[in-house]
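Read the structure below first, then the notes.
Read the figures in this text as sums done on the coordinates, not as results from a lab. All of these numbers come straight from a predicted model, not from anything done at the bench. Note that each Cβ is placed from the backbone with ideal geometry, even for glycine, and that neighbours are counted across all protein chains shown.
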Amino acid sequence: MNYIGSKKSLLEFLEQSIYKVVGKRDFIFLDLFAGTGVVGQHFKSKGHKIIANDLQYYSFVLNKNYIENHKILKFLGLEDELSELKSYSYKERASFICKFLDNLELTEGFIYNNYCLGGTKSKKNQRQYFSDKNGKKVDTIRKKIENWKEESKINDNEYYFLLTTLIENIDKVANTASVYGAFLKQLKKSAQKDFVMQPANFILNDKEHSVFNEDIEELVSTVKGDVLYLDPPYNQRQYAPNYHLLETIAKYDNPKIKGKTGLRDYSNQKSKFSQKKEVLQSFENIIQKANVKYIFLSYNNEGLMTEEEVRTIMSKRGEYGVFKKKYNRFKADKSDNRNHKASSVIEYLHYVKCE
Ligand SMILES: C[S@@+](CC[C@H](N)C(=O)[O-])C[C@H]1O[C@@H](n2cnc3c(N)ncnc32)[C@H](O)[C@@H]1O
């Protein structure tokens with residue numbers, strides 16, 4: 001997923017820097033601003049136990065699949081409803097079920113009625129976040145997944161796998177420039193395509209991992225590990241309004257929505273890391289409360305906290321250091337005309353060895 005602040009292209013840098021400081025041993029890795037989960041997944045693939053967390057529910061869903069799922073899903077509870085399923089090996093079942101979902105008869109629901117042209121054309125605010133067909137398809141599949149869950153035909157692992165598959169694939173056909181803060185007037189080429197339920201991957205291994213959906217300030221003192229990796233928002237842009245459609249598809253809770261873009265209320269998901277007045281206090285609080293041996297912080301030279309402020313706060317826990325890397329700016333920032341002059345920024349990885 002194309003996500004603001006994603007570390008997908010910085011994984012090598014993170015891995016090398018973290019191993020340089022910590023050594024290549026068997027540590028527990030805490031990714032508590034997990035976003036897409038790509039950093040946790042990388043360290044999961046290296047054999048580490050992962051604890052992940054994010055304030056956004058769609059991110060929790062993605063991490064429940066990518067991080068917590070680590071065994072083949074068997075979908076035993078669907079064998080009665082889908083009689084053919086029994087003839088498939090466990091390995092083939094996820095794919096069979098995704099194909100079944102792809103072929104359901106389409107129905108209308110919250111997404112079609114509020115975020116597609118067909119469903120909003122007679123309303124005050126017309127919206128086109130998805131083609132009519134994709135809107136109906138996401139409603140149809142989302143309702144079916146919930147229905148299976150309510151009837152206990154799928155377990156939690158299977159539920160989050162299916163939701164992740166839906167979120168990842170619908171995101172590919174969103175009619176936006178890159179985030180959900182606005183939609184485009186005309187359906188762009190990629191949004192005209194019908195999405196398909198291409199099964200989401202996850203890494204198989206024998207470690208148990210855990211995932212939370214909390215404010216890090218509440219969570220940090222209650223979890224324990226060796227390496228705490230922090231990748232908070234860097235600036236005023238809140239994640240909740242930029243990804244509100246993914247939140248609503250993940251929760252499917254018929255929220256009250258408003259305005260041109262059909263925004264849901266996010267007053268309880270405002271990050272202090274996107275507020276100049278709050279960020280230092282919150283950051284210091286987290287650094288002080290963490291039960292770990294090492295803390296790493298990804299940040300850049302345009303963030304709300306200065307390099308000096310970060311160093312001062314982290315140094316209070318022990319020996320401080322920093323790695324730096326030039327990095328190309330996130331695509332949305334360039335096209336958004338946000339007055340950024342530089343096309344690249346300096347990405348920092350601050351760290352402290354806690355005493
Ligand atoms: C820079 S992104 C993380 C990107 C992630 N490392 C990746 O590569 O996909 C920051 C994340 O922090 C989350 N977040 C912001 N404030 C938070 C808080 N107080 N507690 C937990 N998560 C928070 C946001 O929802 C967002 O997903």
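Please check which bits of the range 111-131 a label hung off Lys260 would reach, taking the label as a point 7 Å along Cα-to-C-beta and the cut-off as backbone N under 15 Å. Correct set: 124-129. Exposure proxy shown here: for Ser59, Ser315, Ser83, the number of other Cβ atoms within 10 Å sets the order, fewest to most, as Ser83, Ser315, Ser59. Length gained on full extension, Arg329 to Asn125, computed as 0.36 nm times the residue gap minus the Cα-Cα distance: 70.2 nm.
Taking other Cβ atoms within 10 Å as a rough exposure proxy, Tyr129, Tyr19, Tyr266 sort from fewest to most as Tyr19, Tyr266, Tyr129.
How large is the dipole of the chain about the Cα centre if only Lys and Arg carry +1 and Asp and Glu carry -1, each at its Cβ, rounded to the nearest 20 debye?
Working: 58 positive and 46 negative charges, 262 e Å.
Magnitude of the dipole: close to 1260 debye.
A crude spin-label estimate for the pair Arg311 and Asn113, with each label 7 Å from Cα along the Cβ direction, gives 5.7 nm. Label reach from Asp156 (point 7 Å along Cα→C-beta): in the range 49-66, amide nitrogens under 15 Å belong to 51-54, 60-66.
Too long at a 25 Å Cα-Cα cut-off: which of Lys124/Lys256; Lys272/Lys316; Lys7/Lys99; Lys143/Lys256; Lys123/Lys270? In this structure, Lys7/Lys99; Lys123/Lys270 lie more than 25 Å apart at Cα. In this structure, Ser343 and Asp194 have a Cβ-Cβ separation that, at R0 = 45 Å, corresponds to a calculated FRET efficiency of about 0.80.
Dipole of the chain computed with +1 at Lys/Arg Cβ and -1 at Asp/Glu Cβ about the Cα centre; of Gly181, Ser89, Ala34, farthest Cα towards the positive end is Gly181. Taking amide H positions as modeled 1.01 Å from N, with prolines and chain starts lacking one, the residues under 5 Å from Ile28 and 5 or more places away or on another chain are Asp226, Val227.
Need one number: the % of Cα-Cα pairs in the chain sitting beyond the 25 Å mark. Looking at the chain, the distances longer than 25 Å represent 56 percent of pairs. Return the FRET efficiency for the residue pair Lys207, Ser267: r is the Cβ-Cβ distance, R0 is 35 Å, and the value is rounded to the nearest 0.05. For R0 = 35 Å, the calculated efficiency reads 0.45. Measuring r between the beta carbons of Leu184 and Glu355 and using R0 = 41 Å, the FRET efficiency lands at 0.20.
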